[in-house]
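Below you'll find the structure, written out as structure tokens, and then a few comments.
Just so it is clear, none of the values below were taken in a lab; they were calculated from the coordinates. Since we're looking at a predicted model, the values are computed, not measured. Note that each Cβ is placed from the backbone with ideal geometry, even for glycine, and that neighbours are counted across all protein chains shown.
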Amino acid sequence: MQKTKSTFTQSIQTKTSRRRFFQLLYTFLFGFLIFTTACSQQPAVRPPLSDPALDKELGSMLDFNVPLMGVAELKERQSKVVLLDAREPEEYERSHIEGARCIGYKKFKLKKLKDIPKDATVVLYCSVGYRSEKIGQKLQKAGFTDVYNLYGSIFEWANQGYPLVDKSGESTQTLHTYSRTWSKWVKRKEIQKVW
């Protein structure tokens, strides 16, 4: 009888130990899940924009799941990055950032980028950053590892006085603003807005 009682006691102790182990394991995993979710949802560090109202507008419009690059940083690194314009060809032809390649948005095809190494530093822009963010997400899913969305995009580039070129590569002060509504975000008086 003594032997049966001790085996029974050992069995209960083993079950209790297992239960405690699994309770601790579940608590740890749940805590880890909460921690990683909270960390992944931290707001992106936004480079400063020349217009706080545009920053507020972009804060409600973008998902911030593609890292941001400011226009000053792009200007410094311009020759060392692959610069992609996610606007439509008619917008690009009016003016674009020198060295940019037009990839479009509506008819974007990933196969157009097969010549770009997956580890290249790729910076995308559009008018304000919405379309370029969406293309950036596609590049990330396709395995590109160093993708950035230009914060404020070509509007911020122009607002800060950086140069634009037309389809011939000549300097221009004309900027396609997508629409009359969006043209309000181009603040520099020297820029001729078209849509």
Fill in the blank from the handout: Partner aspartates and glutamates whose C-alpha sits under 16 Å from that of residue 118, ignoring same-chain residues fewer than 8 away, are 146
Handout entry: Candidates per trypsin sites (Lys or Arg not before Pro) in the range 69-111, loop by DSSP, up to 14 other Cβ within 10 Å
Key = 106, 107, 109
Handout entry: Long-range amide H partners of residue 192 with built H, under 5 Å
Key = 174, 175
Practice task
Over the alpha-carbon set of the range 84-138, work out the extent along each principal axis and list the three values in angstrom, largest first.
Solution key: 30, 21, 18
Exercise for the section: Return the long-range amide H neighbours of residue 121 (sequence gap of 5 or more, or a different chain), with a cut-off of under 5 Å between placed amide H atoms. Expected result: 82
Problem - Extension gain from residue 181 to residue 20, taking 0.36 nm per residue of separation minus the Cα-Cα distance - result: 51.8 nm
Exercise for the section: Report ³J(HN,Hα) in whole Hz for each residue of the range 64-79, in order, from the Karplus equation J = 6.51 cos²θ - 1.76 cosθ + 1.60 where θ = phi - 60°; Gly and Pro get x. Expected result: 6, 9, 10, x, 9, 10, x, 5, 5, 5, 4, 4, 5, 9, 3, 6
Practice task
Calculate, in nm to one decimal, what residue 105 and residue 174 gain on full extension: separation in residues at 0.36 nm each, minus their alpha carbon distance.
Solution key: 22.7 nm
Exercise for the section: Using Cα pairs closer than 8 Å and at least 6 residues apart in sequence, work out the relative contact order for the range 71-172, in percent. Expected result: 32
Exercise for the section: Kindly write out, for the range 87-94 in residue order, the coupling ³J(HN,Hα) from the Karplus curve 6.51 cos²θ - 1.76 cosθ + 1.60 (θ = phi - 60°), rounded to whole Hz, with x marking Gly and Pro. Expected result: 8, 7, x, 5, 6, 4, 5, 4
Exercise for the section: Pull out a ≥ b ≥ c, the square roots of the eigenvalues of the alpha-carbon gyration tensor of the range 77-195, then state rounded if a/c is under 1.5, prolate if not and a/b is larger than b/c, and oblate in the remaining case. Expected result: prolate
Practice task
Kindly state, to the nearest 0.05, the FRET efficiency for residue 140 paired with residue 60, given R0 = 25 Å and r defined as their beta-carbon distance.
Solution key: 0.70
